[in-house]
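A.B. asks: Before I ask anything, let me first share the structure, which is written out below as structure tokens.
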Amino acid sequence: MKDGCTIMNDASPFDVDESVPIAAPAPAPPPARRREASIVPVDSIAGRALVSVIAIMTFLASLTVGGVVLIGAAAGEWQSAVAREVTIQIRPTPGRDGDADVATAAKIAGAIPGITDVRPYSKSESAALLEPWLGTGLSLDELPVPRIVVVKLAANPPPDLAPLRRALAERVPGSSLDDHRGWIDRMRAMAHSAVALGLGVLALVLTATVLSVMFATRGAMAANRPIVEVLHFVGARDSFIAGEFQRHFLVLGLKGGMIGGAAALAVFGLAQLIGLWLRGTPGEDQVGALFGTFSIGVDGYAAVLGQVMLIAVVTALTSRLTVRSTLKALE
Amino acid sequence: MVRFENVGLRYGLGPEILRDLTFRIQPNSLQFLTGPSGAGKSSLLRLLFASLKPSRGLINLFGHDIASLSKDALSTLRRRIGIVFQDFRLLDHMTTFENVALPLRVLGRSEESYRAEVAELLHWVGLGHRMHARPPVLSGGEKQRAAIARAVISRPQLLLADEPTGNVDPALAKRLLRLFIELNKSGTSVVIATHDIALMDQFDTRRLVLHEGRLHDYE
């Protein structure tokens with residue numbers, strides 16, 4: 001042997017000519033450079049089953065995350081759109097000229113800093129708004145229908161509406177200012193509920209993944225007990241053994257995570273394609289009004305990728321902790 | 001190198017299977033450990049390998065009292081001991097080369113650093129042509145030699161062999177024994193557990209005989 005391996009003489013005890021033919025006819029070349037074999041066997045039925053479980057978990061978790069991103073983005077759009085608009089409502093008051101009140105209200109609103117646009121609705125426009133409920137050909141003169149002035153607000157900085165409210169109360173009796181706060185609050189509550197529900201589902205999926213990985217790791221440890229024993233016999237520390245199992249399960253977690261994440265992204269892509277295909281139809285209009293373009297956007301894709309990484313890391317860490325506790329129990 | 005003083009071993013609440021063992025293993029020594037089946041040879045080997053702790057007494061390995069060592073320190077200590085099992089304990093999913101290289105891998109060495117070393121040892125034990133074969137396709141003798149190669153690759157100071165000739169024919173047994181003697185000549189202390197009296201009779205060396213849980217030392 002060369003340097004570092006000087007325990008033996010050059011002559012092998014198996015080189016001598018004896019009756020048992022065991023020595024090599026010619027020395028084989030040293031193995032070429034290649035990836036070191038995994039100490040924990042890579043392919044096993046338990047491993048494939050775990051990849052499937054992790055793929056399904058990641059798929060469900062990614063759909064949840066994508067859904068949460070979609071709802072969050074849609075709710076954000078609704079909120080910002082609604083919050084940038086207030087409505088002055090002028091109820092008909094006996095003895096007052098409705099058109100003059102509308103003009104006064106529009107003038108007051110137009111004078112407030114931070115208001116970008118004031119648009120009084122004419123009688124015919126008000127009638128158009130009521131058309132879905134009351135039908136056509138109706139004379140609004142016969143009904144006490146309130147008049148509306150739509151006021152657009154600057155996004156940044158938003159105007160202070162208190163002076164407007166005070167001025168309207170003083171100069172246009174029967175008017176009120178609706179800043180849609182109730183509607184926004186309801187939408188915000190709904191969006192928060194959807195996000196909380198999504199996070200709850202995500203927590204459940206992660207818990208199920210952790211439990212699956214714990215059982216799988218224990219199963220793998222039991223199945224690979226001879227390997228753990230051999231590693232102990234050759235002087236491996238627990239941290240080395242745990243590291244080998246962690247690497248093995250990280251690979252399984254990444255495999256499963258990528259399959260599940262890719263499937264979820266495919267579903268979102270398909271939904272987006274269907275949306276494009278159905279563009280212009282009444283059904284798509286409804287869905288579009290709720291969810292926009294059904295695109296989860298860069299945030300959504302990043303969230304799904306983060307999800308894949310999270311599940312892989314959770315898988316690896318769970319396996320490490322399980323291996324360490326199992327090794328401790330083996331003492 | 002190894003010192004046992006009044007060592008006793010019992011499993012759980014059972015009877016003491018090893019009693020009052022007091023002996024030393026000197027550096028560069030060769031000894032047989034023998035006794036009838038069930039006498040406790042394998043248990044004594046496990047005590048020597050520090051994979052079992054004694055119920056009583058003192059075991060000192062390489063100057064360390066094993067009772068005072070942490071698990072990691074014991075693992076480090078085991079790196080100075082090579083062990084060959086009767087049932088080989090090779091990993092079936094790894095090639096002969098990978099099995100033999102395992103102790104070096106555990107030490108954190110890269111494959112590049114040990115490739116030539118492992119290949120040379122495999123040639124030395126006559127397994128150069130079986131380097132890429134996996135254990136299930138190796139013969140009993142080849143497995144035995146692979147297990148021995150794995151035990152000696154990291155140049156241990158102490159080599160323990162549990163019935164190393166139990167699964168091979170007499171001719172191969174004699175040659176395996178010569179391999180151990182070669183290793184002993186190169187400075188490794190060797191303990192060979194066997195109940196093959198004919199094999200022991202071929203060598204005039206120390207015998208540790210276990211009988212009814214007690215050790216009789218025949219220099």
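The values are calculated or read from the model by the stated rules, or taken from the named source; none is laboratory data. Remember, it's a predicted structure, so these values are computed and weren't measured experimentally. For neighbour counting, all protein chains shown are included, and Cβ atoms are generated from backbone atoms with ideal geometry for every residue, glycine included.
A.B. asks: I'd like the residue in the stretch A:281-331 that is over 27 Å from the mean Cα position of the chain (by Cα) and modelled with pLDDT under 70 and, out of all such residues, is nearest to A:G219 (Cα to Cα).
C.D. replies: Looking at residues that are over 27 Å from the mean Cα position of the chain (by Cα) and modelled with pLDDT under 70, I get A:L330.
A.B. asks: Further question on the same structure: In the stretch A:151-192, which residues are assigned to a strand (DSSP E or B) and surrounded by fewer than 16 Cβ atoms within 10 Å (Cβ to Cβ)?
C.D. replies: A:K152, A:S176, A:D178
A.B. asks: Looking only at residues that are among the basic types (K, R) and buried (at least 17 other Cβ atoms within 10 Å of the Cβ) in the stretch B:127-143, which one is nearest to the other protein chains (Cβ to nearest Cβ)?
C.D. replies: B:R130
So that you can scan it fast, the table gives a plain yes or no per residue for (1) surrounded by fewer than 22 Cβ atoms within 10 Å (Cβ to Cβ); (2) more than 10 Å from chain A (Cβ to nearest Cβ); (3) part of a loop (DSSP other than H, G, I, E, B):
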| residue | (1), (2), (3) |
| --- | --- |
| B:L121 | no, no, no |
| B:R145 | no, no, no |
| B:I148 | no, yes, no |
| B:V168 | yes, no, yes |
| B:I192 | no, yes, no |
| B:L199 | yes, yes, no |
| B:D217 | yes, yes, no |
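A.B. asks: While we're on this one: All but one of (1) at the interface with another protein chain (Cβ under 10 Å from one of its Cβ atoms); (2) among the basic types (K, R); (3) touching a strand residue (DSSP E or B) at 6+ places or on another chain (Cβ under 6 Å) hold for B:R207; state the number of the condition that does not hold.
C.D. replies: (1)
A.B. asks: Would you check if A:V51 is in contact with a Leu (Cβ under 8 Å, 6 or more places away or on another chain) and modelled with pLDDT of 85 or more?
C.D. replies: The answer is yes for A:V51.
A.B. asks: Now for a different question. Given B:A101, B:A73, B:A116, which one is more than 8 Å from every other protein chain (Cβ to nearest Cβ) and without any contact (Cβ under 8 Å) to a residue 12 or more places away in the chain?
C.D. replies: Only one candidate qualifies: B:A73.
A.B. asks: Considering only the stretch B:171-189, I want to know if a residue exists there that is at pLDDT 90 or above, more than 10 Å from chain A (Cβ to nearest Cβ), under 29 Å from A:G243 (Cβ atoms) and crowded, with 17+ Cβ neighbours inside 10 Å.
C.D. replies: no
A.B. asks: For the stretch A:155-195, how many residues are within 25 Å of A:D101 (Cβ to Cβ) and small (G, A, S)?
C.D. replies: Of the residues in that region, 7 qualify.
A.B. asks: If you don't mind, another one. Looking only at the stretch A:214-229, count how many residues are within 23 Å of B:R80 (Cβ to Cβ) and crowded, with 22+ Cβ neighbours inside 10 Å.
C.D. replies: Of the residues in that region, 2 qualify.
A.B. asks: Could I ask something else about it? How do the pairs read when you match residues in the stretch A:223-241 that are within 20 Å of B:R155 (Cα to Cα) with residues anywhere that are among the acidic types (D, E) and surrounded by fewer than 23 Cβ atoms within 10 Å (Cβ to Cβ), using Cβ under 7 Å and keeping only pairs 6 or more apart or on different chains?
C.D. replies: Listed pairs, sorted by first residue: A:R237/B:D72.
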